[in-house]
Each structure stands twice: as C-alpha cells, then as structure tokens.
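Enquirer: Could you have a look at this structure, given as structure tokens, before my questions?
Please treat every number below as a calculation from the coordinates, not as lab data. On a predicted model such as this, the values are computed, not experimentally measured, just so you know. Cβ sites come from the backbone with ideal geometry, for glycine too, and all protein chains shown count toward neighbours.
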Amino acid sequence: MKPSLPLIAAATILIFGALAPVIFSGEPYVLYVLTLALCYAIPVIGMNLLYGYTGLVSLGHMGFAGVGAYTTALLMKSAGLPFVPALLTGAAAAGFVGLLVGIPCLRLRSHFFIVVTLAVGMILFTLFNNLDPITGGAEGLPGIPRPQGFTLGSFVVEFRSVSGFYILTFIITALVFGLQVLLVRSDFGRALSSIRQDETLAAARGVNVFGHKLLAFVLSAAIAGVGGAMKVLFLRTAAPLSFELQESINLIVMLILGGAGYLIGPIVGAITFVALPEFLRAAAEMRLIFFGFTLLIVARFAPRGICGAVVAGTRILSRKDKNLVRHS
Amino acid sequence: MATAIFEQLINGTMMGSIYVLMALGMVLIYGVMHVLNFAHGVLFMTGGYLTHLFFFNLTGSYPLAIVLSILTLALIGVVLEGVIFRPLRDNLRMQIVASVGLILIIQNGVIQLWGPRALQMRTSSVSSLVKVGQLSFTMQHFVIIAVVVSAVTALYLFLTFTRLGTAMRATSQHPEAAIVVGINPNRIYALTFMIACALAGLGGALLGPLFLIFPQMGDAPMLKALSAIVIGGMGSIPGAIVGGFGIGVVESLSTLVIPSDYRDTIVFAILILMLLLRPWGLFGVRVRGEH
C-alpha cells in the first residue's frame, strides 16, 4: 500500500514532536510555546469529535475544560493525589458535567444549540470566578504541583523542567490523538459522520442519533477536561480567565483554521493559532491584527482550513503530473 | 426597600435600553440575513471611541459627536456586509470565524490607536444630577432611555410605513418572493447591516460617558443582547425589545436578592431555561424541526 499523505504528515509530526526538546534544547521559549499549543490541541481534538465529525458547534467547551482543570488541581494540591488518577478523575468530572448539560440541551438545533452551550460556558465561568472557597475566585488557585518524576533504573524522568513537562504534554496529546483515531475509524465514528451528513437519514438507517450525539458530547467534554488540566499544571495556577468565553471561541477557531474533520486538523490549528502570533515578532504589536486578517481570509477562501487547502493543493498538483505523463 | 427597588428599576431600564439597541441590530441581521453577528460588541465599542474622538478633537458637542459616530458606523456596516458577510451567507461556521477575525482586528486596532487604558468622557449630562425623592440619578440615565425609546419608535415607523422598510420585512419573510416582486436583496442586506451597526454605535456613544470607554466595553452588552434575542424569539423585533428591557431590569433587581457577582448567572440561567422549555422564544413562531 502506498503511504497516504495524512499518514506521512502524522508520522512527521510525531517524530518532530518527540525530538523537539533535543532540537530546541537551547531555546526554552520555543518549547514553552509548543507546550502551550499542545495544551490547546487536546481540547481542540475533543472539539473535532464534536464538530468535525458529529457536526455540533459548542461555544462553551472551555467551561468543561475548567471543570477538569479545577478538579485535577484540587486533587493534586489539597488531596495530594498522584498525577494519573487526578487527571482521570478530572476528565471524568468534565465528562459528567457534559452529560448533565448534554441530556437536556442536545435536543436543540444549529443556532439554538450554539447559544445554549455559550450560556453554559458563561455560567461555569461565573462559578469559577465567584466560588471563592473552592476555586479561589478571580485570583485562582496558585501553586499547583507539577507531577512527580520517577526513575527507571539509572534513567531519571522528571516533569518539572520545561522540556520534561513538554514531553509529558506530548505523550498525553499523542494518547488523546490515538483515542481520536480509534474512535473515528470505529463504527461509532462512522455513525457520527452519518449524523453530521444527514441526521434524518442516519435515524432512518437505525442510528440512535440522540445517544450517539450524547456520547460524542460527553467524550469531547472529558477530552477538553484533560486539556484544561494540562494547561493549569503547565501554568501552575488555575485562573478563571483561562476558561472564559473567548477561550472557547478560540477552540472552535483553531479547529476550523486547522481543518475540521481531519485527524491532524486540531494539531495544525492549535500550533498555528498559538505559535504564529508568538513567532510573528517582526510585526510586534500588529500581530493580532494581522492574525485577524488571516482568519478573514481563511473564512472566505479556505473553508476547510489549512488541511483542506493542502489536500486540495496536492490534488491539483498530482492531476498536473498525470497530464504531463500523458502528453510526453 | 421600595426606594431600592425603584433605584434598581431605573438602572435596569437604562441598561435594558442599551441592550435593546444591541438586540435590535442583531435581530435585524439575523432575521434578514440569518447571520449571527458575534462581532456586534466591537462595533458598540467603536461607537464609544469614535464619539470620544469626535467630541474632543472635532466638534466639542456631544450630540453632534453622536451623530457623526453613528454615520461613520453606518458606513462601516455597509463595508462589512459587502466585503465580509455577504460571501458567507448561509455558512454559519465561517461567520463565526470571520466574526472572531473582525473582533481581533478592531479590538487590537483600537488598542493601537488609543492605548489599552480606559478613556473618560465626562459630558455635562453625566455631571448634572436629577433628584427623584431621596435618590439621585445622572441626567445621562434619562437621556439614554429617551434616546432609545425614540430610536426604537423611529425604527418601528420605518419598518411599518416606508417602502424600504416593507421591502426589508419582505426579504426577511421570504427572500425568493421578495426578488420576484422586484426587491434587490443585496441592497436590503447592506441597508440592514447599516442600520444595525448604527444602532450599535449609538449604544456605545450613549453608554461611554456614563461608564468608561475601553476595548472590551462591548462584550457584555453583546452577550446580553444575544440572550435577549433568544429569549424574545430569534428574528422577532418585539421580542428583542421585551427581551432587552427584561434582561436589564431582571439583572438589576436580582442584585437586591443575591450577590451582584452572580448577576450574569441569573441571566444565562433564564436563557438556558427558555431554550429548554420554549426555544422559539416569547414572541417567535414555532417551526417544526427548526429548533
């Protein structure tokens, strides 16, 4: 079998990602930006399941990410739980809140579902911001410990340094990405796609539309929870501003920028969205304005995002190649 | 208690009238073009900054500054519709992306031009107080309510009694039929955006002197207006008016009962309840399979 373009791209990203600490060993700033980008890539993968494959837009996903983040942070800080169980509990908590929201709200369609998720996100934000005894209010929870390192024989693995934490985030992102691939390639994933393409037809063919939507919503909320937890562990403080409406909107923008419905779309989108403005240092203060224009251009000319544009580009190129062969 | 309720009623009506201006603009755009304009808040903010600019650097007269900034925003509206939103009609997802792009451009553009700090514009209407019993309000409170009531009345008369207004309603009800009777939909879309942006600019121009003028000043009014049009019924103009005033009054009165930090929670909880129980809103019409 000829290796397909997405496969090559995925392998390249995987190798490059794993080697990043070596490549950028002298530049902690680059690693810092990459880690932050991966912290966003995780919830965007959740968003991809929901929007890219199921066709539902949520503008409140950072609210669920916040539930996961605060749960994990409190468990690690106050209860002293180790990293892995704390993270899994955080994901479960985010998924549970997603379930509570999804059961009543998934009956709504298009604009109405978007608005209800937006409202849920806003309510979760006001709770993070004001439940001072639990969340620390507007100042947030400072001093969240980084995960404990361990030793394998003579090999020391630690997550306190920039490169150590980058590797941890990279591994978690790779696991979530793997989960995404498994889900999308399964019968469940195909059922989600059928719902996106035609809900009525899917229902007529025996797909439990509501059940599938609900499961996709819960899974994407739980994945968002993992992303939120990684973000607060990275920044070492859980602040409500990390989970406000603007951040939820940014998630959907990252997904659409990268390419919704493509497996690597979320990664491409998150890295572009977080890293591009950071590296546009030449434009200094104007970079966000420049980025705004980039979004306008994407909206107008590349509706399937960067991945969609690349796929369309390679298709045109390979067609030209065939023409050349035929004429020579 | 009675005076506290009365005070919050006046405050609520004042904020509510600002929400009504925003909600009317958003509902017009949604009703006619099926675009949810998330960038409406930055247009509101632009109205505040332009009024500040015209007031201090050009005219020195507050009413004249308001008129100039409304006209500028109307022009901006025509450009935005033609260049950005017309090609994205019926493409809800890309409208969101384009809105975020616009928000980034305008918000950071304003920071570039005026700096990130809040601006103050104390007009005479803010300094002069009106005494009502033991309470005193700024003149601006009543200016806002009066201007909004006249603007809403003018809009109502325009939509009901003029040919252009009728054409707008026709396009909103049935675009194809409107084309058949000779209405040019593109002109109607431009007009809709023009009116909506002018209303947002008027809102910013009115609220700016009372509070401060800062890059995020439009975010909260936009969200409240969004809630108002959903509660009132998407696409319904009376719904937007009732929803806007209702949200303003309810959030003000709620501060008497619960801490004001949870004001937004109340508004969004009402929004969610409304969506779950009656997604077509107070004044909307139920269409099967649409909600």
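Enquirer: Identify, from the list A:A275, A:A302, the residue that is of a type outside the set (V, I, T), more than 30 Å from A:G80 (Cβ to Cβ) and within 14 Å of chain B (Cβ to nearest Cβ). Give the derivation first.
Expert: On the way: A:A275 fails: within 14 Å of chain B (Cβ to nearest Cβ).
Of A:A275, A:A302, the one residue that is of a type outside the set (V, I, T), more than 30 Å from A:G80 (Cβ to Cβ) and within 14 Å of chain B (Cβ to nearest Cβ) is A:A302.
Enquirer: Would you check which residues across segment A:102-123 are over 18 Å from B:F38 (Cβ atoms), touching a residue at least 40 places away in the same chain (Cβ under 8 Å) and facing another protein chain (nearest Cβ under 10 Å) and list them?
Expert: A:R107, A:I123
Enquirer: Any residue at all in segment A:70-79 that is touching a helix residue (DSSP H, G or I) at 6+ places or on another chain (Cβ under 6 Å) and surrounded by fewer than 17 Cβ atoms within 10 Å (Cβ to Cβ)?
Expert: Scanning segment A:70-79 turns up no residue that is touching a helix residue (DSSP H, G or I) at 6+ places or on another chain (Cβ under 6 Å) and surrounded by fewer than 17 Cβ atoms within 10 Å (Cβ to Cβ).
Enquirer: Tell me, which residue of segment B:214-241 that is within 12 Å of chain A (Cβ to nearest Cβ) and not in a helix (DSSP H, G or I) is surrounded by the fewest Cβ atoms within 10 Å (Cβ to Cβ)?
Expert: Result: B:Q216.
Enquirer: When B:V249 is evaluated against the numbered criteria (1) in contact with a Gly (Cβ under 9 Å, 6 or more places away or on another chain); (2) surrounded by 22 or more Cβ atoms within 10 Å (Cβ to Cβ); (3) not aromatic (F, W, Y), which criterion, by number, is the only one it fails?
Expert: Of everything listed in (1) in contact with a Gly (Cβ under 9 Å, 6 or more places away or on another chain); (2) surrounded by 22 or more Cβ atoms within 10 Å (Cβ to Cβ); (3) not aromatic (F, W, Y), B:V249 misses just condition (2).
Enquirer: Continuing with this model, one more query. Picking from B:A177, B:A205, which residue would you name as being touching a residue at least 40 places away in the same chain (Cβ under 8 Å) and of a type in the set (G, A, S)?
Expert: Working: B:A177 fails: touching a residue at least 40 places away in the same chain (Cβ under 8 Å).
Answer to the check: B:A205.
Enquirer: Still on this structure: All but one of (1) touching a residue at least 40 places away in the same chain (Cβ under 8 Å); (2) more than 14 Å from chain B (Cβ to nearest Cβ); (3) part of a helix (DSSP H, G or I) hold for A:G269; which doesn't?
Expert: (2) is the only condition that A:G269 fails.
Enquirer: Turning to a different aspect of this structure: Report, ordered by the first and then the second residue, all pairs with beta carbons closer than 6 Å, sequence separation of six or more or different chains, a first member in segment A:243-254 that is facing chain B (nearest Cβ under 8 Å) and of a type in the set (V, I, T), and a second member that is in a helix (DSSP H, G or I) and buried (at least 22 other Cβ atoms within 10 Å of the Cβ).
Expert: So the pair list comes out as A:I249/B:V100; A:V253/B:V97; A:V253/B:V100.
Enquirer: I've got another one for you. Quick check on my filter: what residues within segment A:142-176 are under 19 Å from A:Y70 (Cα atoms) and hydroxyl-bearing (S, T, Y)?
Expert: A:T169
Enquirer: Consider B:L102 carefully, then state whether it is facing chain A (nearest Cβ under 9 Å), in contact with a helix residue (DSSP H, G or I) (Cβ under 8 Å, 6 or more places away or on another chain), surrounded by fewer than 18 Cβ atoms within 10 Å (Cβ to Cβ) and not charged (D, E, K, R). Give the derivation first.
Expert: Working: facing chain A (nearest Cβ under 9 Å): yes; in contact with a helix residue (DSSP H, G or I) (Cβ under 8 Å, 6 or more places away or on another chain): yes; surrounded by fewer than 18 Cβ atoms within 10 Å (Cβ to Cβ): no; not charged (D, E, K, R): yes.
So B:L102 does not fit the description; no.
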